[in-house]
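Peer 1: Mind having a look at this structure? Questions to follow.
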Amino acid sequence: MTSRERVLTTLRHEQPDKVPIDFGAMRSTGIMAIAYNELKKYLEIKGGNTRVYDVGQQLAEPEQEILDRFQVDVIDLANTFGRNSSDWKEWTLPDGSSGQIHKLSYPVKINNEWVLMEGERITAHMPEGVLYFDPCNPPLENANSAKEIENYPWHYYSDEELKSLELQAKRLYEETDYAIMGGFGGNILELGQGLRGWDKFMIDLAMNEPFVHDLMDKMVEVYLKNLEGYLQAVGDYIQIIQMGDDLGTQNATQLSPDMYRALIKPRHKKIYSYVKQHSNLFLFLHSCGSIYDLVPDLIDAGVEILNPVQTSAAKMDPQNLKDEFGDSLIFWGGGVDTQFVLPEENPEAIAEQVKNRINIFSPGGGFVFCPVHNVQANVPPENIVAAYDAAIRFRDYANYSIVN
């Protein structure tokens, strides 16, 4: 099977030749740039560039040699290698190693800390000694009217953006055999937290006043307009559309199931239904934390693929998830725990967990291997290699340990 065939077979809940592997097809299945540099050094990969394509999370875009080394089957539509190399500027990572950041998202140094700007507003900052950019100054923090919501500069795809996406999707579809994932977003809870501030938006939801409904309805309006152009541009070339909304914490959902059902789910369902009515794409949701109590609602809303499968969170036992929801959901992730196992255990223990997770999640198809979340800066490169080499070793469905 080609990689694309392998992924599509898996997404149809059929058993392919091998478990598909993901390494960086979206912004929660990748690797921090510091760890990426160490990984390249460990694998004796010379040359190339460490492109920090997600500046906030400090994520590196995997290069072709890495994709080949780990037998990766799926790629991000936004993959930039081989395109517009002059648009990337050198930047020094927090550990002193080298990276590159696109000129349009290049940080500015103010008062001994790096910041990201949107016009005159500082949107995120990285103090000295910190590895990430933390969001700040939510733009609608003090808004209290529908007019202020309407006047916010919402992003709508331009014709130029859509044409660029179309050309990129067509190129990847025709020139590679990867499955292609398009990152769309569609966040309601997270976008509200970003626009208002986490605490303020949670209060908004609890108060359930007209303002919060106006705000969320505007989000849906913008998403549906953007989906119209997006699906027309890339729907014939990509196979998966990625949505996101972190609904869980380590121990429980961020909001009660009743609140989710009343305020967020109807809007998720409207967005996801539009995708299913206007395309043949598989719908992928990234949602961190303990979301077991919401999984039936997510399935009802239209979710087909669940990521990151945070198995270290409450109620997120791998076997229970497979037994209860394996007929309805594709599990994309959960292949090795990134909180405790990947950074702290030895390679042998990591390989054993990978084998165990493949045995749990893969029977009958419906599983794409990747770690629970992004590989963090402190993960030793030998542990990364151990995880992916174990996935490669045990991914074959002809292997006795998998089919039994």
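Peer 1: Pairs, please: C-beta under 8 Å, at least 6 apart or cross-chain, first residue closer than 14 Å to residue 306 by Cβ and in the range 358-376, second polar (S, T, N, Q) and surrounded by fewer than 20 Cβ atoms within 10 Å (Cβ to Cβ)?
Peer 2: Partner pairs satisfying both residue conditions: 372/312; 372/339.
Peer 1: Under 6 Å between Cβ atoms, at least 6 apart or on separate chains: pull out the pairs that start in the range 187-201 with a residue that is among the small types (Gly, Ala, Ser) and end on any residue that is modelled with pLDDT of 95 or more and crowded, with 19+ Cβ neighbours inside 10 Å.
Peer 2: Listed pairs, sorted by first residue: 192/201; 197/138.
Peer 1: Another question about this same structure. Restricting the first residue to the range 1-23 and requiring it to be closer than 22 Å to residue 373 by Cα, which pairs with a second residue that is of a type in the set (Ser, Thr, Tyr) and assigned to a strand (DSSP E or B) meet a Cβ separation below 6 Å and a spacing of at least six or different chains?
Peer 2: none
Peer 1: Identify, by number, the condition in (1) surrounded by 15 or more Cβ atoms within 10 Å (Cβ to Cβ); (2) over 30 Å from residue 323 (Cβ atoms) that residue 98 doesn't meet.
Peer 2: Checking residue 98 against (1) surrounded by 15 or more Cβ atoms within 10 Å (Cβ to Cβ); (2) over 30 Å from residue 323 (Cβ atoms), the one that fails is (1).
Peer 1: Okay, moving on. Please find, within the range 40-71, the residue that is surrounded by the most Cβ atoms within 10 Å (Cβ to Cβ) out of those that are closer than 17 Å to residue 373 by Cβ and hydrophobic (A, V, I, L, M, F, W, C).
Peer 2: 60
Peer 1: If I ask for residues that are buried (at least 18 other Cβ atoms within 10 Å of the Cβ) and on the phi < 0 side of the Ramachandran plot, which ones from the range 303-317 would you list?
Peer 2: 303, 304, 305, 306, 307, 308, 310, 311, 313, 316
Peer 1: Which condition number does residue 35 fail, the rest of (1) outside any helix (DSSP H, G or I); (2) in contact with a strand residue (DSSP E or B) (Cβ under 7 Å, 6 or more places away or on another chain); (3) of a type in the set (A, V, I, L, M); (4) within 30 Å of residue 393 (Cβ to Cβ) being met?
Peer 2: The number of the failed condition is (1).
Peer 1: Here's a follow-up. Return a yes/no flag: does the range 64-73 have any residue that is over 19 Å from the mean Cα position of the chain (by Cα), farther than 18 Å from residue 24 by Cα and not in a loop (DSSP other than H, G, I, E, B).
Peer 2: no
The values are calculated or read from the model by the stated rules, or taken from the named source; none is laboratory data. Predicted, not measured: the structure shown is a model, and the values here were computed from it. When we count neighbours, we look across all protein chains shown, and the Cβ atoms used for this are built from the backbone with ideal geometry, even at glycine.
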